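Notes follow the structure.
The values are calculated or read from the model by the stated rules, or taken from the named source; none is laboratory data. Because the structure is predicted, anything quoted here is derived from the model rather than measured. Every residue, glycine as well, gets a Cβ built from its backbone with ideal geometry; the counts of neighbours run over all protein chains shown. The accessibility values were calculated without ligands, DNA or RNA, using every heavy atom of the protein model including side chains. Shrake-Rupley method; radii C 1.70, N 1.55, O 1.52, S 1.80 Å.
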Amino acid sequence: GGGSAPASGSVESGSGSDGGPEEAVAPWGFSDLGVVMSAERRPDFAPAAVAQLGVPGGPGPGDEVVVRGRLATVRGKGSSAFLVVRAGSLHTVQAVFFRDASYPRQSKEMLSALQSLTEESVVEVEGRLQPAEVLSCSQDGVEIAIS
């Protein structure tokens with residue numbers, strides 16, 4: 001289970017829950033897709049191979065990627081969430097999300113949703129690769145900034 005954020009481009013009406021002005025819709029979101037059948041083919045979708053992230057010839061820093069795998073670990077620390085996604089049995093990559101001051105309510109909801117994920121859940125993560133030193137992952141020179 002998890003929450004969901006408004007779809008990109010949608011507009012919420014009314015004022016914020018604190019009585020202040022409503023914040024704009026964040027460019028990222030969280031969706032619980034329920035059961036995704038592998039037999040369903042999406043010709044417009046090809047997840048990046050985790051083993052190729054940050055290696056010569058593969059996606060590198062600045063590239064937008066989508067990866068699919070099992071959630072090996074998830075750590076929440078205040079205004080941040082760190083996920084380790086495992087593809088196959090050997091390859092792992094870290095994905096990170098930080099609270100965004102421009103979207104305080106929505107980023108708090110996103111952090112809560114990410115931190116509530118359970119290990120071994122199948123996840124699909126979209127974001128931009130950025131340089132990083134991640135000693136605990138096979139892809140130790142990059143991480144995914146969730147977007």
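What the table below lists for this structure:
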| read-out | value |
| --- | --- |
| Inter-probe distance in nm under a simple model that places probes 7 Å from Cα toward Cβ, at residue 46 and residue 128 | 2.4 nm |
| Protection proxy ranking, peptides 46-53, 106-113, average beta carbon neighbours within 10 Å, highest first | 106-113, 46-53 |
| Accessible area in square angstrom per residue, the stretch 65-117, 1.4 angstrom probe | 47 Å² |
| Accessible surface of the stretch 40-142, 1.4 Å probe, proportion on carbon and sulfur as whole % | 50 percent |
| Cβ-derived FRET efficiency at R0 22 Å, residue 70 paired with residue 140, nearest 0.05 | 0.70 |
